[in-house]
Amino acid sequence: QVQLVESGGGLVQAGGSLRLSCAASGGTFSSYAVGWFRQGQGNEREFVAAITSSGGSTYYGDSVKGRFVISRDNTKNTVYLQMNGLKPEDTALYYCAADRAVPSPLNYRYLEVWGQGTLVTVSS
């Protein structure tokens, strides 16, 4: 089974950028769609972005559309989340998740595998 490890989180000022990575091991990563979700303190888990197994299609939550870009490199078994124009409300624990189905706000409770999360803090 695929295992996921996120990295790249940290503290950044509002308006800044970060790039998160989701590195996979085990399994056939190129067969999995991958999504990014986030959960701020006291909030529900929120869909951020998703990418199909081939990388041919991407999807974004309304709150990050136009600022975040999801991509993947199947030769490196890694999915990236480039986050630009960061806002204090982007502060959260960011998780990646993989499944045969494309992750979405509707199916996140049933996704096959999750990483442990990486913390992003945006200061004003």
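Counting only strands (runs of 3 or more DSSP E) that sit wholly inside the range 43-116, those with at least 1 residues that are within 18 Å of S17 (Cα to Cα) and open to solvent by 30 Å² or more (accessible area, probe 1.4 Å) are 58-60, 68-73, 78-83, 92-99. Inclusion of A14 among residues that are among the aliphatic types (A, V, I, L, M), touching a Ser or Thr at 6+ places or on another chain (Cβ under 7 Å) and without any contact (Cβ under 8 Å) to a residue 60 or more places away in the chain is not warranted. Scanning the range 16-42 for residues that are more than 16 Å from V102 (Cα to Cα) and open to solvent by 40 Å² or more (accessible area, probe 1.4 Å) yields S17, R19, A23, S25, G26, G27, Q39, Q41, G42. Would you say V34 is under 14 Å from the mean Cα position of the chain (by Cα) and either assigned to a strand (DSSP E or B) or hydrophobic (A, V, I, L, M, F, W, C) (or both)? Yes: the conditions hold for V34.
Tallying residues that are part of a loop (DSSP other than H, G, I, E, B) and either out of contact with any strand residue (DSSP E or B) (no Cβ under 9 Å at 6 or more places or on another chain) or buried (at least 16 other Cβ atoms within 10 Å of the Cβ) (or both) within the range 1-14 yields 3.
The values are calculated or read from the model by the stated rules, or taken from the named source; none is laboratory data. What you are looking at is a predicted structure, and each value in this text was computed from that prediction instead of being measured. FYI the Cβ positions are ideal-geometry reconstructions off the backbone, even for glycines, and counts take in every protein chain you see. The accessibility values were calculated without ligands, DNA or RNA, using every heavy atom of the protein model including side chains. Shrake-Rupley method; radii C 1.70, N 1.55, O 1.52, S 1.80 Å.
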